[in-house]
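These notes are about the structure you will find just below.
The values are calculated or read from the model by the stated rules, or taken from the named source; none is laboratory data. Only a predicted model underlies this, so the values are computations on that prediction, with no experimental measurement involved. Every residue, glycine among them, receives a Cβ derived from its backbone with ideal geometry; neighbour counts consider all protein chains shown.
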Amino acid sequence: MNGKRITLDTNVLVYAIDTDAGKKHIQAMELVDYSVLLDCVLTLQSLCEFYVAVTRKKKMPSEEAVKQIEDWMILFPVIIPKESSLADALRAVQQYKLSFWDAMLWAVALKGGVKILFSEDFQNGQIVEGVQFINPFADDFSLIDMKFDNYL
């Protein structure tokens, strides 16, 4: 591995626990499991959004969601917004036409040294100021390719 830092968006985390998500559940579980071996960080935003999504949709009781987040916080360092992240996010909304919360996620990832953000919410393959968005649920994504450095 060449050591590119990665992060996982909320949708990856939600699919990883959502057994009703079919193929996406399996793909997300495999990606999360493999990410433990990589330089993977999670954003505070993704963990917060995960809690809201899974408890609101009744995918997990609150206590289980808290436990899952605590487990991920043991496995992955958590990066938090810096004061300048908001300014970067607002600029990205204007310049790159990202939604505000996607721009905020991008800004925190950028400041955290992330090079690849796995998400289904961005334009697959797009690179914004050194952060590449990869949709791990796209037909052309392969975890096998990832393991052989085609992404990393």
Conditions: (1) part of a strand (DSSP E or B); (2) touching a Lys or Arg at 6+ places or on another chain (Cβ under 7 Å). Residue 15 meets all but one. Number of the miss?
(1)
For residue 71, are the conditions met, namely being more than 16 Å from residue 4 (Cβ to Cβ), charged (D, E, K, R), part of a helix (DSSP H, G or I) and in contact (Cβ under 8 Å) with a residue 12 or more places away in the chain?
no
Name the residue that is surrounded by the most Cβ atoms within 10 Å (Cβ to Cβ), counting only residues in the range 11-34 that are among the polar types (S, T, N, Q) and touching a residue at least 60 places away in the same chain (Cβ under 8 Å).
11
Of all residues being polar (S, T, N, Q) and within 30 Å of residue 29 (Cα to Cα) in the range 68-96, which is surrounded by the most Cβ atoms within 10 Å (Cβ to Cβ)? Just the residue, please.
85
Out of all the residues in the range 110-128, is one or more part of a helix (DSSP H, G or I), touching a residue at least 40 places away in the same chain (Cβ under 8 Å), touching an Asp or Glu at 6+ places or on another chain (Cβ under 8 Å) and within 15 Å of residue 42 (Cβ to Cβ)?
no
Of everything in the range 36-54, what is among the acidic types (Asp, Glu) and either under 9 Å from the mean Cα position of the chain (by Cα) or within 21 Å of residue 21 (Cβ to Cβ) (or both)? Give them in sequence order.
49
Within the range 31-62, of all residues that are of a type in the set (A, V, I, L, M, F, W, C) and in a strand (DSSP E or B), the one farthest from residue 104 (Cα to Cα) is 40
Check off (1) more than 15 Å from the chain's Cα centre (by Cα); (2) part of a loop (DSSP other than H, G, I, E, B); (3) not hydrophobic (A, V, I, L, M, F, W, C) for residue 136 and give me the number that stays unchecked.
(1)
Quick check on this structure: which one of 103, 65, 87 is closer than 29 Å to residue 139 by Cβ, at pLDDT 95 or above and part of a helix (DSSP H, G or I)?
103
